[in-house]
Amino acid sequence: MKRFILLSLLTGAGSLSLLAAQPAAQPSGPKVVDILKLKDNLYVLTSSSPTPRETFSGGNVAVFITDGGVTLVDDKLAGWGQAVLDKVKGVTGKPITRIINTHTHGDHTGNNNFFGANVEIVAQENTKSNMEKMDAFKGENAKFLPARTYKDKLTLGSGKDRIDLYYFGNGHTSGDTFVVFPALRVLHTGDMFAWKDAPFCDRSNGGSCVDFPSTLQKMLGGIKDIDTVIPGHSPMMTVKDVEGYQKFTADLLSYSIDRMKAGKSVDEAFDGFKVDKYPGYKNERVKAAIQAVYDELKK
Ligand SMILES: [Zn+2]
């Protein structure tokens, strides 16, 4: 049950879809997202922190303006499409032509249907499979699933408009994409780096807290020349922050394995975990991550 609550908190739409996705269940009040300018042709739509709930619109959205149109990385929670569109229209007259979904969750894919079937939707192939299980993409709505998928790497566009998509393995889900804008030296991590706290490893969508650190390690080895990192749900970060996060997840994994071997319960393991060693980090999600490691290794 705890897992379900956490999942619902994270995806927002998860719990709503069980209530037949009634719009009335959304927080009321005007839906406005904040916009941050990173470069002349790259913006981020924020309002992405899951707390407070009233202003939570879904994950950070990158808005990349190219000669041929606008590419969005992720598209926030259902019901926030107009707010996204309004902000995009405020910075460019070009149409949205492509959406990259970093992973399956409703706070990153919630407006594929709002932007319509004429927009090219791109995702890693496992994410498409995960999305096919969601109520939001069943029946008629299957046309809003990614039409274009890839396995390990995909390059879209060229020159200053180039976008590189990378997949390095299981972590938050089984299909997390890292998006790079090489000309701008910017990386969008999706929820492979959501916040400075333990990761949420969504095992129902193939996520793995056991694989998480090595997947991040492969990413750090495979992607170079980055100045700015757009994380899933936090303010802008640097590569140094991602390196610190990789170490945090690796430490948490080896600590969990050690405690499990010593016969400790998840509660005992959590009580003994010292988050103070990691400046700026919280431990609100540490217990769930330890639980995920225990569950995974018990199998
Ligand atoms: Zn997610």
Residue list for region 171-199, filter: in contact with a helix residue (DSSP H, G or I) (Cβ under 6 Å, 6 or more places away or on another chain) and away from the ligand (no atom under 13 Å from the Cβ): PHE178, ALA183, ALA198
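Might you let me know whether region 148-169 holds any residue that is among the polar types (S, T, N, Q), within 20 Å of VAL229 (Cα to Cα) and within 16 Å of the ligand (Cβ to nearest atom)? First the steps, then the outcome.
Let us first name the residues in region 148-169 that are among the polar types (S, T, N, Q), namely 149, 155, 158.
Among the residues that remain, those that are also within 20 Å of VAL229 (Cα to Cα) are: 155.
Now narrow it down to the ones that are within 16 Å of the ligand (Cβ to nearest atom): none.
No, that holds for no residue.
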Filtered residue count, region 104-132, keeping only those that are without any contact (Cβ under 8 Å) to a residue 24 or more places away in the chain and open to solvent by 60 Å² or more (accessible area, probe 1.4 Å): 2
Tally of residues being of a type in the set (Ser, Thr, Tyr) and either open to solvent by 20 Å² or more (accessible area, probe 1.4 Å) or part of a loop (DSSP other than H, G, I, E, B) (or both) across region 235-246: 1
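Determine whether ALA78 is touching a helix residue (DSSP H, G or I) at 6+ places or on another chain (Cβ under 6 Å), more than 17 Å from PRO231 (Cα to Cα) and aliphatic (A, V, I, L, M). Give the steps one after another, and end with the answer.
Values: touching a helix residue (DSSP H, G or I) at 6+ places or on another chain (Cβ under 6 Å): yes; more than 17 Å from PRO231 (Cα to Cα): yes; aliphatic (A, V, I, L, M): yes.
Judged against the criteria, ALA78 is a match.
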Checking LEU216 against (1) closer than 30 Å to ASN283 by Cβ; (2) within 14 Å of the ligand (Cβ to nearest atom), the condition it does not meet: (2)
Among residues of region 200-209, those that are of a type in the set (A, V, I, L, M, F, W, C) and within 13 Å of the ligand (Cβ to nearest atom), counted: 2
Within region 201-234, tally of residues that are under 14 Å from VAL186 (Cα atoms), open to solvent by 60 Å² or more (accessible area, probe 1.4 Å) and in contact (Cβ under 8 Å) with a residue 40 or more places away in the chain: 2
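The values are calculated or read from the model by the stated rules, or taken from the named source; none is laboratory data. This one's a predicted model, so the numbers in the text were calculated from it and none came from an experiment. Neighbour counts are summed over all protein chains in view; Cβ atoms, including those assigned to glycine, are modelled from backbone coordinates with ideal geometry. Side chains included, ligands, DNA and RNA excluded: accessible areas come from the protein's heavy atoms. Shrake-Rupley method; radii C 1.70, N 1.55, O 1.52, S 1.80 Å.
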